[in-house]
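Engineer: Structure provided below as structure tokens; questions to follow.
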Amino acid sequence: MTYFHVPGFPRIGEQRELKWALEKYWREEISETELQTIASDIKRGHWQAQIDVGCDLITVGDFCLYDHVLNASYLFNHLPRRVKTTERAIDQCFLAARGRAPTGQPVHACDMSKWFDTNYHYIVPEIHAEDSFSLQPDFLLKDIREAKELNQPIKVVLPGPVTYLRLADSKDGTDPLVHIDALTNTYGELISLLKKEGVEWVQLDEPVLATDLPEDWLQALERAYHQLNTPGINILLATYFGAAGENTSRIFSLPVQGIHLDLVEAPAQLTAAIDNIGPYKILSAGVIDGRNIWRTDLNTVYQALRPIHQRLGERLWISPSCSLLHVPYSAVNESGLESGCEYWLAFAAEKLHEGRLLKQALGDPSFIASADWLDQTQRVISRRTSERVHNSAVKARADVIAAGDWYRATPFEERLEVQQTALNLPLFPTTTIGSFPQTDAIRAVRKQWREGEITPEQYEQALKQEIEFCVREQEEIGLDVLVHGEAERTDMVEYFGALLKGIAVTANGWVQSYGSRCVKPPIIYGDIERQQALTVSWSTYAQSLTEKPMKGMLTGPVTILKWAFVRDDQPRSATTYQLAAVLNDEVRELEANGINIIQIDEPALREGLPLKKSARGEYIRWATSAFRYCYEGVSDSTQIHTHMCYADFDDILDAIEALDADVITLETARSASALLSTLKTQPYPNGIGPGVYDIHSPNIPEQSHVLNILNGALESTPAAHLWVNPDCGLKTRRWEEVTPALKAMVAAAEWIRTEDNQASAVKNRQGDVSLH
């Protein structure tokens, strides 16, 4: 019998029940017991959905209240010491993730970074030389015991030890790999404990095997998995997001009972897997796309797997390529989407159904004549042959863009002089990244408009009132470059998707980005056209309210691409060039209407970097070229900004420079030392704003914290190039937090504007004077 299982399931609940419960708990509106009861109900629903569709193992351990890597840090008693100001385990985790919890003292939150090349954020483990590990398994054992009540075999899923350490950040220069033996010992204790609990399978996720893993790490992997080999319990080593490549023979030689491979991102590795599998191991074939939302071409998958099934029999398992964390819960209630593309969609629930169909067909070839199978086939054919997908004029323009380089003719220093004359900004100009709090009032008026309770004109007027309030608040705070606050935008990508032809926006297609933060990625189903201005009216209205410069706000082409569900019938570069074309039209119209500072956000540039270095050069070439086309044709006096956040920047500084933006703003509040160290060895030549305020924490920064980051930046960046700004947009924060935080930021900028204070700041970094 062919097994069907899932590497992981969406956590937030069908109606985002976990999000609402978490936020109520953080506001102390519900107790920990109430939060855990809601979480248990969600988990049971997920397990039951897997049972109902015929999964042979239900997956336990993938659920978490904030992040699965954070859960692992708690499980192995590896949270930072500073978060242990409370006895509550749950609040220790929230202190690490957010810097604040209902109990315990506020602390500096742990770094947050992207989970490989996805838009999911994980909480980065911290490494020190003196670290040790021990088990804190109560929460996991509770889940296992609840799941056992459903009388179904259980598979526990955890981040693997090598991936956990590889993703960790050393805080004192210690190589994380020195802890592999100690951590592996603790994993071994856990596996023995799971065996006693009657667990049949443990899935250890090692997606680092899809990256360029150094030899010493590969040797550590071999040592660890030999050490973890435990009679009486089975280990499924899972790798995904790419090919195991040259590591294939190595991982198949490990003493584990099964290997999971991503055959969506890397279908060609199936041949090497069969060559190396040997007579005993199970191959878990990840053939259903765990990261995208299109219906699977089951006929093609069936034809590829049928001979493998005939050879391996019950040793062939089928599965999504990776955790279904990255897709929405269910498409059943989606209707009336752009061009009717809901007919082509498969969210997590539908992917479970696809797995069941494939399992049945491999067990009984006659099943491919069934109504369910034929319905799936028709949906795939419908998208492939649809005339709604293609537009020859759009493709032709994108081809022209792809053939160019699109550099600005005037060097940055000359542009800066022109821009400074036009804008007359002070030294260390202050600004924000774009969005301001999305208040209950904004959400209420948006709901009224969507439900037809108010007219479009009333909705527009309400938003204009919010924009005016936002502008006045910024003037009162003392910011130098203002934004309109983005009250009209539900999301920085979905907003654009709703206005562009070729992109559909769902009603309930939510996925988790981090913690309680959920996003609703639009669906790029066809060639992309701009049929109207996207942001011009809002930005020009905001500019009419103030004498200060107003910054136009756009989302860049790579970020729209990466934070959407993307068509898979053409290269991603082609789709990116189409997005660059519509953004260029918008930039030119903003400039023509007097908006002379335009920010084109590209936080996903690093996220889009291929996991293998050999593929990065081509990606960087087209990604940076597409970005430069966005502002092609603007005058030297128009200042182009971009923004990036929550990624490691040191290995893409060349790519960031190739964007040739006049100003880049970066996340640094949680990880200032890493970026500032990088800038010392590779100074950034254009304007730069290292984020000085962590907007993902409710904590309000002290002026001294802001100054410490600015002081460090001054060691490698000319004062004339340095901007002062938060890490990211302020959409998720409250005005009670935002106003004092920004006032502290502005006060720090005002303090450091004099030459004497700049000199004092540099001395302070060297330990000669104190700012406190």
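Engineer: Pop out the Kirkwood hydrodynamic radius of region 496-652 from its pairwise C-alpha distances, inverse of mean 1/r, in Å to one decimal.
Structural biologist: It is 16.6 Å.
Engineer: Between ALA533 and ASP569, 0.36 nm times their residue separation minus their Cα-Cα distance comes to what?
Structural biologist: In short, 10.2 nm is gained.
Engineer: So what are the ³J(HN,Hα) numbers for region 513-522, from phi and the Karplus equation (6.51, -1.76, 1.60; θ = phi - 60°), rounded to whole Hz, Gly and Pro as x?
Structural biologist: 9, 6, x, 8, 7, 10, 10, 10, x, x
Engineer: Going 7 Å from the Cα of ARG621 along its beta-carbon direction, which residues of region 380-415 have the amide nitrogen within less than 12 Å of the resulting point?
Structural biologist: Residues 403-405 qualify, since their backbone N sits under 12 Å from the label point.
Engineer: Sorted by average packing, counted as other Cβ atoms within 10 angstrom per residue and highest first, what order do 138-146, 687-695, 109-117 take?
Structural biologist: My ranking of the peptides, most packed first, is 687-695, 109-117, 138-146.
Engineer: Another one. Could you tell me which of rounded, prolate or oblate describes region 405-521, using a ≥ b ≥ c as the square roots of the eigenvalues of the alpha-carbon gyration tensor, with rounded for a/c under 1.5 and, failing that, prolate when a/b is larger than b/c and oblate otherwise? Show your work: numbers first, answer last.
Structural biologist: Values: a/c = 2.18, a/b = 1.54, b/c = 1.42.
It comes out prolate by the Cα gyration axes.
Engineer: Work out the charge dipole of region 504-589 with +1 on the Cβ of Lys and Arg and -1 on the Cβ of Asp and Glu about the Cα centre, then indicate which of GLY515, VAL582, VAL566 is farthest towards its positive end.
Structural biologist: GLY515
Engineer: Assuming a ≥ b ≥ c are the square roots of the Cα gyration tensor eigenvalues, decide whether region 192-289 counts as rounded (a/c under 1.5), prolate (otherwise, with a/b larger than b/c) or oblate.
Structural biologist: Values: a/c = 1.76, a/b = 1.37, b/c = 1.28.
Note, shape of region 192-289 comes out prolate.
Engineer: Now for a separate question. Extent of region 14-142 along each principal axis, from alpha carbon coordinates, in Å, largest to smallest?
Structural biologist: 46, 34, 30
Engineer: So, one more: What FRET efficiency comes out for HIS353 versus ASP651 if R0 is 56 angstrom and r is the Cβ-Cβ distance? Round to the nearest 0.05.
Structural biologist: 0.90
Engineer: Another question about this same structure. Take the alpha carbon atoms of region 492-563, find their center, do the same for region 684-740, and report the distance between the two centers in whole angstrom.
Structural biologist: So the two Cα centres are separated by 24 Å.
Engineer: Hey, could you grab the Kirkwood Rh for region 276-363? Inverse mean 1/r over distinct alpha carbon pairs, Å, one decimal.
Structural biologist: The Cα-based Kirkwood calculation yields 14.0 Å.
Engineer: Taking 26 Å as the cut-off for C-alpha to C-alpha distance, list the pairs among LYS562/LYS731; LYS43/LYS351; LYS84/LYS612 that go past it.
Structural biologist: Correct reply: LYS84/LYS612.
Engineer: Note down the nm distance, to one decimal, between modelled labels 7 Å out along Cα→Cβ at ARG88 and at GLU736.
Structural biologist: Roughly 1.7 nm, to one decimal.
Engineer: Based only on Cα atoms, what mean projected area does the convex hull of region 65-105 have, in nm²?
Structural biologist: Working: hull surface 9.9 nm².
In nm², the orientation-averaged hull projection of region 65-105 is 2.5.
Engineer: Residue farthest toward the positive end of the dipole of region 288-367, with Cβ of Lys/Arg at +1 and Asp/Glu at -1: which of SER330, HIS353, CYS341?
Structural biologist: HIS353
Engineer: Let me ask something additional. Can you tell me the relative contact order of region 459-612? Whole percent, Cα pairs under 8 Å, sequence separation 6 or more.
Structural biologist: 24 percent.
Engineer: For region 47-131, with only Lys/Arg (+1) and Asp/Glu (-1) charged at the beta-carbon, what is the dipole magnitude about the Cα centre, in debye rounded to 20?
Structural biologist: Roughly 460 debye for region 47-131.
Engineer: To the nearest 20 Debye, how big is the dipole of region 669-751 about its Cα centre, given +1 on the beta carbon of each Lys and Arg and -1 on that of each Asp and Glu?
Structural biologist: So the dipole magnitude of region 669-751 works out to roughly 160 debye.
Engineer: In bins 5 Å wide, starting from 0, what share of all Cα pairs of region 1-89 does each bin hold, as a percent?
Structural biologist: Reading the bins upward from 0: 3, 12, 19, 20, 19, 13, 7, 4, 2, 1, 0.
Engineer: Under the Karplus relation 6.51 cos²θ - 1.76 cosθ + 1.60, θ = phi - 60°, what is the ordered set of whole-Hz ³J(HN,Hα) values for region 735-752, x standing for Gly and Pro?
Structural biologist: These are the phi-based 3J(HN,Hα) values: 4, 4, 8, 5, 4, x, 5, 5, 5, 5, 5, 5, 4, 5, 5, 5, 5, 8 Hz.
Engineer: Once phi is turned into ³J(HN,Hα) by the Karplus curve 6.51 cos²θ - 1.76 cosθ + 1.60 with θ = phi - 60°, what whole-Hz value does each residue of region 253-264 show in order, with x for glycine and proline?
Structural biologist: 8, 6, x, 10, 8, x, 10, 9, 10, 7, 9, 8
Engineer: Find which of GLY434, LEU423, TYR495 sits farthest along the positive direction of the dipole of region 408-515, computed with +1 on the beta-carbon of Lys and Arg, -1 on that of Asp and Glu, about the Cα centre.
Structural biologist: TYR495
Engineer: Let me ask something else. Given an 8 Å cut-off on Cα distances and at least 6 residues of separation, report the relative contact order of region 330-377 as a percent.
Structural biologist: 26
Engineer: Amide H to amide H, which residues 5 or more places from ALA238 or on other chains are under 5 Å from it, using H placed in the peptide plane?
Structural biologist: LEU204, ASP205, GLU206, HIS260
Engineer: OK, next. Enumerate the amide H contacts of THR642 below 5 Å, restricted to partners 5 or more residues apart or on another chain; note that Pro and chain-start residues carry no placed amide H.
Structural biologist: For THR642, the qualifying residues are ILE600, VAL663, ILE664, THR665.
Engineer: How high is the FRET efficiency between LYS24 and ASN185 when r is their beta carbon distance and R₀ equals 41 Å, given to the nearest 0.05?
Structural biologist: Result of the calculation: an efficiency of 0.55.
Engineer: How high is the relative contact order of the chain, in percent, with contacts defined as C-alpha pairs under 8 Å that are six or more residues apart?
Structural biologist: 12
Engineer: Let me ask something else. List the equivalent ellipsoid semi-axes of region 444-498 in whole Å, largest first, each obtained as the square root of 5λ for an eigenvalue λ of the Cα gyration tensor. Before the final figure, lay out each step's value.
Structural biologist: Numbers: eigenvalues 117, 43, 10 Å².
Sorted largest first and rounded, they come to 24, 15, 7 Å.
Engineer: Which percent of the Cα-Cα distances in region 107-247 go past 21 Å?
Structural biologist: 48
Engineer: While we're on this one: If you stretched the chain out fully between GLN448 and GLU750, how much longer would it get, using 0.36 nm times the residue separation minus the C-alpha to C-alpha distance? Don't skip to the answer; put the middle values down first.
Structural biologist: On the way: separation 302, 0.36 × 302 = 108.72 nm, distance 4.22 nm.
Result for the pair: 104.5 nm of gain on full extension.
Engineer: So how do 20-29, 354-363 stack up, highest first, on mean other-Cβ count within 10 Å?
Structural biologist: For the peptides 20-29, 354-363, the packing ranking is 354-363, 20-29.
Engineer: Still on this model: Scan around ILE127 for amide H atoms under 5 Å from its own, H built in the peptide plane at 1.01 Å from N, and keep only partners 5 or more places away or cross-chain.
Structural biologist: Sorted by chain and number, the residues that satisfy this are ASP169, SER170, LYS171.
Engineer: Still on this structure, please answer the following. Calculate the dipole size of the chain relative to its Cα centre from +1 charges on Lys and Arg beta carbons and -1 charges on Asp and Glu beta carbons; express the result in debye to the nearest 20.
Structural biologist: 1420
Engineer: Further question: Per the Cauchy relation, a quarter of the hull surface: what is the mean projected area of the convex hull of the alpha carbons in region 328-432, in nm²?
Structural biologist: 13.8
Engineer: Pairs to check: LYS114/LYS548; LYS114/LYS743; LYS24/LYS551. Give those whose C-alpha atoms are more than 32 Å from each other in this structure.
Structural biologist: Table pairs above 32 Å Cα-Cα are LYS114/LYS548; LYS24/LYS551.
Engineer: When DSSP beta bridges are limited to those with both residues in the chain, what percentage is antiparallel, rounded to the nearest 5?
Structural biologist: Counting only bridges with both partners in the chain, antiparallel ones make up about 15 percent.
Engineer: Taking all pairs of distinct Cα atoms, average 1/r, flip it, and tell me the Kirkwood hydrodynamic radius of region 99-153 in Å to one decimal place.
Structural biologist: Value: 15.2 Å, from the Cα pair sum.
Engineer: So for region 212-345, considering every pair of alpha-carbon atoms, how many percent are separated by more than 23 Å? Intermediate values should be presented prior to the final figure.
Structural biologist: Numbers: 3665 of 8911 pairs.
Result: 41 percent of Cα pairs exceed 23 Å.
Engineer: In addition: Where the eigenvalues come from the Cα gyration tensor of the chain, what are the semi-axes √(5λ) of the equivalent ellipsoid, largest first, in whole Å?
Structural biologist: Over the Cα atoms of the chain, the semi-axes work out to 42, 32, 25 Å.
Bear in mind these aren't lab numbers, they're just calculated from the coordinates by the rules spelled out. Nothing here was measured: the structure is a model prediction, and the numbers come from that model. Cβ sites come from the backbone with ideal geometry, for glycine too, and all protein chains shown count toward neighbours.
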